[in-house]
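J.: Sharing a structure with you now.
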Amino acid sequence: MKSLRRPYSEQRPTDIGGGVWSVPVPIPGNPLGYTLIYAIESPAGPVLVDAGWNHPDAWLALRDGLAATGMDIREVRGVVVTHFHADHAGLAGQVRQESGAWIAMHEADAELVGTMREAEEDAQRTERAGMLRRAGAGAAEIEAVTTAYRPEPPAAPDRTLRDGDMIDIPGRRLRTVWTPGHTPGHVCLHLEDADRLFTGDHVLPGITPHIGVYPYDRTDMDPLGDFLASLEKVAELGPLEALPAHEWIFQDTAERARAIGAHHEEKLTSLMALLAEAGEPLTIWEIASRMTWKRSWDDLPSMLRGMAAAEAAAHLRALEVRGRVRRTAEGDPKEDMVRFAVHS
Ligand SMILES: [Zn+2]
């Protein structure tokens with residue numbers, strides 16, 4: 001798809017018809033630029049889809065952007081959060097404080113938010129360092145990733161959602177479509193009275209969302225497998241108009257969902273070739289450093305290497321679930337590093 005991405009400075013609150021407005025809210029210091037917040041009109045006050053990054057500039061953009069559409073942030077009835085990430089859920093708590101709105105989120109992300117809010121900073125760092133070491137990261141990379149800035153956990157929701165739940169908006173039909181992958185509780189929202197789908201980060205027109213496993217070596221989940229199934233689930237809803245959380249609005253979610261699925265299948269195929277070529281078990285770090293990324297591995301800052309490793313781990317886990325690769329326990333028994341090889 002031709003890139004229609006424009007910088008935040010060129011974004012404006014827009015009436016996109018059918019009682020729905022899009023309000024761009026900046027993500028300070030992030031190349032993604034902005035989150036598109038959607039406001040759905042109702043006689044009982046607007047309902048927001050996502051709320052934006054927790055930053056004073058973002059708050060002003062949201063408040064003033066809603067005002068420009070004739071809505072008052074103090075009248076917001078509820079905020080449905082597509083997933084717990086800071087550029088989506090960050091401001092939900094402040095909107096609730098200002099307006100008394102409810103916050104709704106899928107139960108799986110709500111559980112994660114609960115864990116994040118309780119976790120001790122030091123324990124989290126130690127856990128992260130262990131994960132990086134077992135993956136084969138170097139000391140400097142471990143240091144950089146474990147000390148990197150992390151945003152505050154988002155506000156706890158008042159309501160939790162499950163697949164198929166209707167959102168509480170008088171006069172509209174807005175249904176929860178659970179699409180795990182990018183996060184375990186990511187949801188899309190199907191505006192059934194208008195053939196539109198709020199896609200969050202699940203289906204974006206020009207980029208694909210980060211799919212990672214944290215910790216890298218866990219075996220009780222398969223985020224990429226979930227993501228591929230969620231893409232198929234959305235494709236089966238038909239060619240709906242997509243209202244994504246970043247970039248631009250586009251037609252035909254089904255076509256784009258299938259293209260993203262094909263992109264990951266290609267990545268799985270090249271990963272199998274990489275492992276076959278190596279001929280010996282490799283650590284997650286070795287594998288990630290040999291995969292193709294937007295920038296060369298040598299130019300990737302440690303933080304992005306950590307995300308690339310999580311992405312590599314998600315692809316390895318999906319191949320393991322399919323019976324194509326295995327993890328090995330070879331080498332020094334005292335060494336707990338994880339390695340992967342082709343399953344013969
Ligand atoms: Zn996200």
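J.: Can you pull the Rg over Rh of the chain, Cα-only, Kirkwood? Each step should come with its number before you reach the end.
T.: Details: Rg = 20.7 Å, Rh = 21.0 Å.
So for the chain, dividing Rg by the Kirkwood Rh gives 0.98.
J.: In whole Å, what three semi-axes, largest first, describe the equivalent ellipsoid of the range 29-183 built from its Cα gyration tensor (square root of 5 times each eigenvalue)? All intermediate terms of the calculation are to be shown ahead of the outcome.
T.: Values: eigenvalues 212, 65, 33 Å².
Three semi-axes, in Å: 33, 18, 13.
J.: Just to confirm a number: summing +1 for Lys and Arg and -1 for Asp and Glu over residues other than G19 whose beta-carbon lies under 13 angstrom from that of G19, what do you get?
T.: Charge balance near G19 sits at 0.
J.: Can you give the alpha-carbon Rg of the range 9-121 over 2.2 N^0.38 Å, where N counts its residues? Show your work: numbers first, answer last.
T.: Numbers: Rg = 13.8 Å, N = 113, 2.2 N^0.38 = 13.3 Å.
Relative to the rule-of-thumb radius for its length, the range 9-121 sits at 1.04.
J.: Please state, rounded to one decimal and in Å, the Kirkwood hydrodynamic radius that the range 47-86 gives when every pair of distinct Cα atoms enters the mean of 1/r.
T.: It works out to 10.7 Å.
J.: For a quick check: with amide H placed at 1.01 Å from N, whose amide H comes under 5 Å from T35's, ignoring anything fewer than 5 positions away on the same chain?
T.: Here V25, I27 satisfy the definition.
J.: In whole Å and largest first, what semi-axes does the C-alpha gyration tensor of the range 63-131 yield when each eigenvalue is scaled by 5 and square-rooted? Before the final figure, lay out each step's value.
T.: Values: eigenvalues 194, 29, 21 Å².
After diagonalising the Cα gyration tensor, the semi-axes are 31, 12, 10 Å.
J.: With each run of n ≥ 4 DSSP H residues scored as -39500 (n - 2.57), what mean residue ellipticity at 222 nm is computed for the chain after dividing by its residue count and rounding to the nearest 500 deg cm²/dmol?
T.: -11500 deg cm²/dmol
J.: When only Cα pairs under 8 Å and 6 or more residues apart are kept, what is the percent relative contact order across the range 121-189?
T.: 16 percent
J.: Also, quick follow-up: Report, to the nearest whole %, how much of the accessible area of the range 10-124 belongs to carbon and sulfur atoms, 1.4 Å probe, protein only.
T.: 46 percent
J.: A further question on this structure: If you take the charge dipole of the chain about its Cα centre, with +1 on Lys and Arg Cβ and -1 on Asp and Glu Cβ, which of P151, A257, T176 is farthest toward its positive end?
T.: Checking the options against the dipole of the chain, the answer is A257.
J.: Ok, one more. In whole Hz, what ³J(HN,Hα) sequence does the range 18-27 give by Karplus (6.51, -1.76, 1.60; θ = phi - 60°), x for Gly and Pro?
T.: So the Karplus estimates, Gly and Pro as x, are x, x, 10, 10, 10, 10, x, 10, x, 10 Hz.
J.: Can you give the % of DSSP beta bridges in the chain that are antiparallel, to the nearest 5? If you can, show how the numbers build up before the last one.
T.: Values: 28 of 41 bridges.
Roughly 70 percent of the beta bridges in the chain run antiparallel, per DSSP.
J.: Additional query: Efficiency by 1/(1 + (r/R0)^6): what FRET value for A119 and I207, r their Cβ-Cβ distance, R0 = 35 Å, to the nearest 0.05?
T.: So, using R0 = 35 Å, E works out to roughly 0.75.
J.: Restricting to the range 1-150, compute how many DSSP beta bridges are antiparallel as a %, nearest 5.
T.: 65 percent
J.: Another question about this same structure. Report Rg(Cα)/(2.2 N^0.38 Å) for the range 263-319, keeping two decimals. Mind dumping the intermediate values first?
T.: On the way: Rg = 10.8 Å, N = 57, 2.2 N^0.38 = 10.2 Å.
Normalised Rg, Cα atoms only: 1.06.
J.: Now for a different question. The range 1-57 to the range 265-344: how many Å between their Cα centroids?
T.: Answer, in whole Å: 36.
J.: How large, in Å, is the range 104-205 by the Kirkwood hydrodynamic radius built from its alpha-carbon pairs?
T.: 16.1 Å
J.: Could you list the residues of the range 275-301 with an amide nitrogen less than 16 Å from a label point located 7 Å from the Cα of R327 in the Cα-to-C-beta direction?
T.: 281-288
J.: For the range 242-344, what is the charge dipole size about the Cα centre, in debye to the nearest 20, if Lys and Arg each add +1 at the Cβ and Asp and Glu each add -1 at the Cβ?
T.: Details: 14 positive and 16 negative charges, 41 e Å.
Approximately 200 debye in magnitude.
J.: Report, please, the projected area of the range 157-316 averaged over directions, based on the convex hull of its C-alpha atoms, in nm².
T.: 10.7 nm²
J.: Looking at the chain as a GNM with Cα springs under 10 Å, which of A139, A288, A104 has the largest mean-square fluctuation?
T.: A139
J.: Return a whole-number percent for the relative contact order of the chain, with Cα pairs under 8 Å and 6 or more residues apart as the contact set.
T.: Relative contact order here is 14 percent.
J.: Nothing charged except the Cβ atoms of Lys and Arg (+1) and of Asp and Glu (-1): what's the magnitude of the dipole of the chain about its Cα centre? Round to the nearest 20 debye.
T.: Here the chain has a charge dipole of around 400 debye.
J.: Among A119, I73, H83, whose Cα projects farthest towards the positive end of the dipole of the range 62-194, with charges put on the beta-carbon of Lys, Arg (+1) and Asp, Glu (-1)?
T.: Most positive-ward Cα: H83.
J.: Which semi-axes, in whole Å and largest first, does the equivalent ellipsoid of the range 186-238 have when worked out from the alpha carbon gyration tensor as the square roots of 5 times its eigenvalues? Numbers along the way, then the final one.
T.: On the way: eigenvalues 127, 27, 17 Å².
Equivalent ellipsoid of the range 186-238: 25, 12, 9 Å, largest first.
J.: Another question about this same structure. Work out the length of the dipole vector of the range 65-119 about its Cα centre, built from +1 on the beta-carbon of each Lys and Arg and -1 on the beta-carbon of each Asp and Glu, and round it to the nearest 20 debye.
T.: The dipole magnitude comes to about 160 debye.
J.: Here is a follow-up. Working only with C-alpha atoms, what are the Rg and Dmax values of the range 226-344, expressed in angstrom?
T.: 17.1, 54
J.: Give the Cα extents of the range 22-71 along the principal axes, in whole Å, largest first.
T.: That works out to 37, 16, 15 Å along the principal axes.
J.: Work the Kirkwood hydrodynamic radius out for the range 167-255: mean of 1/r over every pair of different alpha-carbon atoms, inverted, in Å.
T.: The answer is 13.6 Å.
J.: Run the numbers on the range 237-344 and let me know its relative contact order in percent, using alpha-carbon pairs under 8 Å that are six or more apart.
T.: Computed value for the range 237-344: 23 percent relative contact order.
J.: Once you place label points 7 Å from the Cα toward the Cβ at A44 and E236, how far apart are they in nm?
T.: According to this spin-label approximation, the distance is 3.0 nm.
The values are calculated or read from the model by the stated rules, or taken from the named source; none is laboratory data. Everything numeric here is computed off the predicted structure, so don't read it as measured data. Ideal geometry is used to build each Cβ from the backbone, glycine not excepted, and the neighbour counts take in all protein chains shown. Accessible surface is based on the protein model in full, side chains and every heavy atom, while ligands, DNA and RNA are left aside. Shrake-Rupley method; radii C 1.70, N 1.55, O 1.52, S 1.80 Å.
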